[in-house]
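Participant: Quick one: this structure, given as structure tokens, is what I'll be asking you about.
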Number of protein chains: 2
Amino acid sequence: MEFKEELKKYQDLINEELKKYLRTGECPEKVLNNSMEYSLMAGGKRLRPILMVNVCQIFSGQYQNCLPFAVAMEMIHNFSLIHDDLPGIDNDDFRHGKQTNHKKFNEATAILAGDGLLNYAYQVIANDLIKETNLQLQKQKMSAFKELADATDRMIAGEYVDTEFEGKPISSDYLEYMHNNKTGALLKASARIGAIIANASEEDLNKITKYAEIIGLTFQIKDDILSVVGDEKILGKPVGNDEKRGKCTYVTKYGLERAQEMLDELTKEAIEITKTYNEKGAFLENLAIYIQTRNK
Amino acid sequence: MEFKEELKKYQDLINEELKKYLRTGECPEKVLNNSMEYSLMAGGKRLRPILMVNVCQIFSGQYQNCLPFAVAMEMIHNFSLIHDDLPGIDNDDFRHGKQTNHKKFNEATAILAGDGLLNYAYQVIANDLIKETNLQLQKQKMSAFKELADATDRMIAGEYVDTEFEGKPISSDYLEYMHNNKTGALLKASARIGAIIANASEEDLNKITKYAEIIGLTFQIKDDILSVVGDEKILGKPVGNDEKRGKCTYVTKYGLERAQEMLDELTKEAIEITKTYNEKGAFLENLAIYIQTRNK
């Protein structure tokens, strides 16, 4: 299968899975549910759950066991986007070419929709844990729950550091710390949860963690590059905002050329890891290249 | 022991327990950690964790097993206060006689501090679940985790309904729905988690659920009464705000006299339940009276 087809197949899988959790009934908080659905189904790439599902597949030949975690991960990712976009934080009007949650609904609804998605993620996990009758798998799921909660904590810390240092010059250590937490933590946890649910060996867990750390970094570097040279129409958001806000990014810190070199070198390193899994690693190899070469 | 002494003893217990979870080390997100601590230790009554701990004590003769859940519950309660106070929701400047989180820090920090506390609650639970070696107790803790996540979902829905209908006339059904969720859900879950961790019988679980539902209601009615006739200096927040905002409360809906009658009748009903536990129920009896007669 072509990579684009496979990616689409995975995206459809995640979207179908997410749809099962949408709350569509009549109730006093119907608009809140609509706003959670609006952001959750706004057309994200589903990178985190797809990474989780594929890693689980590599190490156990199936991905069904990790689907509730894939759903929870995507809910948490979308909670973070809604809150990042708020007037009190980034004050963004558009995302994925659509109005941000607080523009489409209002600020109070957006705050609570973010809260609601973060909490819903843990409801999904609590329900899955209780239903699990295989005690060994249940134990793995408890570890996965901890991975998710710890990574979300790191993501929130990274977002805070991003906010605090906006417009101030920061060291490359801080830039790395911020990204490792803000973008890296959830991507890393996605890969690790896939491996943990698959009961992968310690060695495989370490290798896949390294791969995820690298693509977390390349994802961010590419984001920073696209923020400068991307096409607004394709991106679905304004270009040049980082510089206007005085944001410290890989491009403002190292320049466009060096940032591109870093992106290419790191992608090569990620691919070397995937090669050790032969044809099973093909999707992850293509995913690394996709992150490197994407235009949105 | 006098009730006030016992309450103080419980409050000290919860405060000591919470202190164990404060993050005080040097790190780039230090100010975020400070802001989470600021709200968490701002002097709340600790009603929810105290209820949990006492119920656990009634049904199992000890409360140690439920302490991580007591901590998580108080974190979630404080997350909800921080977000409720935000400019985008209630826009309150003071709580417990101190500046609200976004006034003391700033809006971005307050949003992320709320997110951080909600997520930290689940980190505490994930860690506790993994460490639990008693499989029966671990199972009870998984149920408790579900209770907490479901109740938090209801709390967020209730807060949304409160926000959406502010300044609009609403039916008594809606008023009840809003409060059952916004204030009632976490109180009810606190009692139920205490009972679940204590492995209480179905009958006891139902009785204690009923008790908690009632005090959730009396707590809200008393809050509404204090919002009109309370002493600002004792309350630590302005009086009369509900009416200014056109909020629908038990007082604006039923009048002060009828609200007081409802409070007294419901308190009697709660006390009847506690009487069935003889001296073991004494604290819950006094707690119901305390909620009825408090001046802050």
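Participant: For chain B, with the dipole built from +1 on Lys and Arg beta-carbon atoms and -1 on Asp and Glu ones, taken about the Cα centre, which of B:I289, B:V31, B:L263 lies farthest toward the positive end?
Facilitator: After comparing all options, I get B:V31.
Participant: Using a 10 Å cut-off around each Cβ of peptide A:83-93, what is the average number of partner chain Cβ atoms that fall inside?
Facilitator: That works out to 3 on average.
Participant: Which whole DSSP H helices in chain A pass both tests: a Cα extent of 20 Å or more along the axis and a mean Kyte-Doolittle value no lower than -0.5?
Facilitator: Both cut-offs are met by A:67-85, A:107-131, A:202-229.
Participant: Taking the square root of 5 times each eigenvalue of the Cα gyration tensor, what semi-axes in Å does the equivalent ellipsoid of chain A have, largest first?
Facilitator: Here the semi-axes work out to 28, 26, 17 Å.
Participant: A 29 angstrom limit on the alpha carbon distance is what I want to check against. Which of A:K146/B:K210; B:K131/B:K210; A:K8/A:K253; A:K8/A:K280; B:K188/B:K268 exceed it?
Facilitator: Over 29 Å Cα-Cα: A:K146/B:K210; B:K131/B:K210; A:K8/A:K253.
Participant: Shifting gears a bit: Can you list, shortest first in nanometers, how far A:E6 lies from the same residue in the other copies, with each label 7 Å from Cα toward Cβ?
Facilitator: Those separations, rounded to one decimal, come out as 6.5 nm.
Participant: Could you work out the relative contact order of the stretch B:117-185? I mean the mean sequence separation of Cα pairs under 8 Å and 6+ apart, divided by the number of residues, in percent.
Facilitator: It rounds to 33 percent for the stretch B:117-185.
Participant: Let me ask something else about it. Could you pull out every Cys in the protein assembly as shown that lacks a partner Cys with its beta carbon under 4.7 Å away?
Facilitator: Among the cysteines of the protein assembly as shown, those whose Cβ sits 4.7 Å or more from every other are A:C27, A:C248, B:C27, B:C248.
Participant: Tell me, what is the percent relative contact order of the stretch A:185-296, built from C-alpha pairs under 8 Å that lie six or more residues apart?
Facilitator: Relative contact order comes out at 29 percent.
Participant: Between copies, how far apart are the A:L135 label points? List them in nm, one decimal, shortest first, with each point 7 Å from Cα toward Cβ, please?
Facilitator: A:L135 label point versus its equivalents elsewhere: 0.1 nm.
Participant: What ranking do B:V251, A:V229, B:V124 get, fewest neighbouring Cβ atoms within 10 angstrom at the top?
Facilitator: Placing the least packed residue first, the sequence is A:V229, B:V124, B:V251.
Participant: So, counting K/R as plus one and D/E as minus one, what does the shell of residues with Cβ under 14 Å around A:L148 add up to?
Facilitator: +1
Participant: Hey, another quick one. What is the distance in Å between the Cα centroid of the stretch B:82-160 and that of the stretch A:12-81?
Facilitator: 22
Participant: Right, next: Let a ≥ b ≥ c be the square roots of the eigenvalues of the Cα gyration tensor of the stretch B:162-296; is it rounded (a/c under 1.5), or, if not, prolate (a/b larger than b/c) or oblate?
Facilitator: The shape class here is prolate.
Participant: Which order do A:K103, B:K131 fall in if you start with the one that has the fewest other Cβ atoms within 10 Å?
Facilitator: B:K131, A:K103
Participant: Please report, for A:K275, the nm distances (one decimal) from its label point, 7 Å out from Cα along the beta-carbon direction, to the equivalent points in the remaining copies, shortest first.
Facilitator: 8.1
Participant: Percent relative contact order of chain A, based on C-alpha pairs within less than 8 angstrom and at least six residues apart?
Facilitator: Relative contact order of chain A: 19 percent.
Participant: Would you order A:L186, A:L7 from fewest to most other beta-carbon atoms within 10 Å of each residue's own beta-carbon?
Facilitator: A:L7, A:L186
Participant: Could you work out the equivalent-ellipsoid semi-axes for the protein assembly as shown, taking the square root of 5 times each eigenvalue of the Cα gyration tensor, largest first, in whole Å?
Facilitator: Over the Cα atoms of the protein assembly as shown, the ellipsoid semi-axes are 43, 27, 21 Å.
Each reported figure results from applying straightforward, stated rules to the coordinates on display, with no laboratory input. Since this is a predicted model, take the numbers as computed values, not measurements. Positions of Cβ are generated from backbone atoms using ideal geometry, with glycine treated the same way; all protein chains shown enter the neighbour counts.
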